Every structure is written in C-alpha cells, then in structure tokens.
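Single-structure report; data block below.
What follows is calculated from the coordinates using simple rules that are stated; it is not laboratory data. Please read these numbers as outputs of a predicted model, since none were measured by experiment. Positions of Cβ are backbone-derived with ideal geometry, glycine not excepted, and every protein chain shown enters the neighbour counts.
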Amino acid sequence: MILKTGILTFHRCINYGSYWQAVCLARYLQTLGHQVEILDHQSRKVDLAEWKCALQPVLPTHVPVTDYPFYRQKIEKFFDAFDLLPLSREFSLENPVQMDEYDLVVVGSDEVWNLSHPWYGHYPIFYGEGLKTNQLISYAASFGNYDVSWRLAPEWSQKLRNFDSISVRDENSQIQIKNALGYEPVTVLDPCFLHPVKPEKMEFPIKKPFVALYGHNFSGTFIWQARQWAKKQKLPLVSIGYRNDWADEQWLTAGPHEFASFIAQSEAVITNFFHGCVFSLINSKPFVCETTPYRSHKVEDLLRKTGAAKHIITRETSDKEFRNLLLKPLDLQIHQNITRLRMASQNWLQKSVTSPMTVPRYENV
C-alpha cells in the first residue's frame, strides 16, 4: 500500500543543511514507495525572523550594508530551491487546522524540539499536536542546544507521547527523551546520509583548487592555524555563504545546490557547522571542525559516533595535527562506521514507516 506521508521540519530556513536534510529524507522515503509531501507550514512571524537573520547571518560580527545585496541573492536562490520541493498545500503554523490528512507524518530532522530556538521554539505542532495523521514518528529529531540539564516541562513531555516511534540525532536528545518518557530512543544518522546528495556538475566563480570554509565567528587560534596551513599549501580559502574577512575569497551568494557542488569539488573543508562535517564525510573530504556552544551537542555526537572525533579542533590541537588532518584521506574506519550506521538507520526507518507500533524504541543503532 502506498502511504501518503508528510515530513514536518524547518524546510524554509535559509540554511544549506536544513534544506538538504529535508530533501534527502523526502527522496529516501520516495525510494520506499511513499507519496511524500513536505508539510508547507507558513508563518509571517517566522518568515520575518528568518529573513532578518539571513541578511545578518554572522552576528554578533558586524554585517556591512554592502553585503546585503549578496545575502539577498543567496535568499532568492533558496526561494527558487524551495519551489522544487514536493510541498503540501499551505497551512498556518500557528493554527494548522487547514493541513491535509496523512497516513504517516515524520517529524524531523533538524532542531524541531529545541524550545530555545529563537523563532521556532514552543510551536506545539513539532511535538505532534494538531497533526492529522494515522501514524506519527520522528526521524533524527533534535533538541539542539536545549541542554538535558534544563529538563522538559511536563506539558511538553506529555505532548511527546503523541509519537508512535521516536528516533533522535544526538545523545543530548536521547537523554531528554529518556528523562521525559522513561525509555531510551534510537539514535540515527542525519537524513543527508540516508540518501546522499549527488552534486550537479556546476560552474561557479571559484578557481580550482581551493579549500572550502564554511561557518563564521571562528576563534583567533583556529583562524591562525587555518591560514598558516592554507598559505603553506598555496591553496586559497574560499568562504561560502558567510563573510569571513580572513578568507582569501568570499562567495556569499551561493544557493543550496551550488553549496553541495562546492564542497564536493573542494580539496578540504574547514568548518564549525554540523553540516560542514556531514558534507565532508559524505564526500570523503579531509576536514577540521571547531565546535561552538550552539552546535556542540550535534557535532560532537556525530564525529564520536562515526569515529571522526579527532577532527574536532581544540586549543590543545598542535599545528602538526591540524596539518595532518587536512592533508590525509579520512580513515577507512570512518567510512566503515558510516556504512554500518547508514544501514542501521535505514533499517529502523523502513520498519517504523510500515508498522511503527512494532518497532523497539529503546535500541541504539
């Protein structure tokens, strides 16, 4: 039987990772024979907050007004990409009574349960409230930087009981669910690993070879190590999507499809973003990552789980270690771990979308 399946996530974020995880989850479910729609929730309040952030994406670093036209071009490319998504009929995020009915709704990936998210936090729909569906599961859902020490208020814990099966993306989220519901949910890989992006062969205004720089507000020590390494290798550092004045080149207007092609064609990746790590691993690129308080849970968990924890750069990382991580191919064990975790994640999702009530919710994959 073909299931009419909805995906509920942050699909309209001006963010490369948010876009691609929605696309990859939809594509994978389509390979299982599902009729997939991404639930197209609309909110003027959320849109204004998202667009304001997209025009000033490197705050607290000052954004010169001369960059606004470039960031507007980037936003417009995202709008064009959104039009390619298999979207449902529009409905209000605040009052989803107009949404269609579904056989199955999959909530996630992304920080869908992050109550401290500046504009998506505290919308009960992401906790399953008001969804018109026969079955409800989560795939790689996350609480983001909403730390386990903060606990969930009883009303939010109760809403999570709407779910037939739950899987999460990181250990912090796993412990949150265990504390709230009394069982340990499955941890699975980000959807970008389920159905890896096959980048289009695109021409873009960057000369090869180059090193991809993805993120912003890096520490001074990390910047110094990155610049010294790139200078020694005679490779330009090209910052994509965000201005980093210490980079050799800026490409602020790149859309999501250009981003995927850019990472795939790079020599190495320097990042402090979660999906900078994800796309490095998918494309087998040497990489280094500096964690930030906002992204530490998901970054550290992913790299520990895949056996790539040594790619996290700390104050104790020597220049030699930094250099070797960017020069040497990824360890074979990392690829083997990803293959194993991908198969386990696919297996859990396949079982849960056919008969979610029979899927164990407490076994780690």
**Study point:** Size descriptor, Kirkwood hydrodynamic radius, that averages inverse alpha-carbon separations across the chain, Å
**Key:** 21.0 Å
**Study point:** Where only alpha carbons of the range 166-258 are counted, the Rg and the Dmax (Å)
**Key:** 18.8, 54
Study note, to complete from the structure: So K52 and A153, fully extended at 0.36 nm per residue minus their Cα-Cα distance, gain in nm 33.4 nm
Point to revise | the chain: relative contact order in percent, alpha carbon pairs under 8 Å with at least 6 residues between | key: 16 percent
Review point. Along the Cα-to-Cβ line of T339, 7 Å from the Cα, sits a label point; which residues in the range 277-307 have backbone N less than 16 Å from it?
Key: 282-284, 306-307
Review point. Which of the listed residues, A260, P118, Q30, is farthest toward the dipole's positive end in the chain, when Lys, Arg count +1 and Asp, Glu count -1 at the beta-carbon?
Key: A260
Point to revise | Stretch gain in nm, segment R323-K231, where the contour uses 0.36 nm per residue and the Cα spacing is subtracted | key: 32.0 nm
Exercise for review: Could you check which residue among L59, L213, L25 shows the biggest mean-square fluctuation in a GNM of the chain with a 10 Å Cα cutoff?
Suggested key: L59
Exercise for review: Using only Cα atoms, tell me the angle between helix 296-305 and the longest principal axis of the chain; keep it within 0 to 90° and round to the nearest 10.
Suggested key: 90 degrees
Practice item. Divide the volume of the convex hull of the Cα atoms of the range 240-280 by its number of residues and quote the answer in cubic angstrom per residue. Key: 75 Å³
Point to revise | Angle between the chain longest axis and helix 16-31 axis [Cα atoms, degrees, rounded to 10] | key: 50 degrees
**Study point:** Cα centroid separation - the range 311-351 against the range 134-170, whole Å
**Key:** 26 Å
Revision key, fill the gap. The farthest towards the positive end of the charge dipole of the chain, of the residues T133, T221, N15, given +1 on Cβ of Lys and Arg and -1 on Cβ of Asp and Glu, is T221
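Could you order peptides 261-273, 35-47 by the average number of other Cβ atoms within 10 Å of their residues, highest first?
261-273, 35-47
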Point to revise | Acute angle (nearest 10 degrees) that the helix 256-265 long axis makes with the longest principal axis of the chain, alpha-carbon atoms | key: 50 degrees
Check your understanding: When every alpha-carbon pair in the range 37-148 is counted, what percent end up more than 26 Å apart?
Key -> 28 percent
Review point. Hey, what does the equivalent ellipsoid look like for the range 1-73, semi-axes from the Cα gyration tensor as sqrt of 5 times each eigenvalue, largest first, whole Å?
Key: 33, 13, 8
Review point. Over the Cα atoms of the range 211-329, how large are the radius of gyration and the largest Cα-Cα distance (Dmax), in Å?
Key: 12.9, 36
Practice item. Mind telling me which of L302, L152, L349 comes out most flexible in a GNM of the chain, alpha-carbon contacts under 10 Å? Key: L152
Practice item. Would you work out the charge dipole size for the chain about its Cα centre, treating the Cβ of every Lys and Arg as +1 and the Cβ of every Asp and Glu as -1, and quote it to the nearest 20 debye? Key: 940 debye
Practice item. Using a cut-off of under 14 Å, list every residue of the range 74-101 whose amide N is near the label point 7 Å from the Cα of E129 along the Cα-to-beta-carbon line. Key: 93-97
Practice item. In whole angstrom, note down how far apart the Cα centers of the range 85-112 and the range 176-227 are. Key: 25 Å
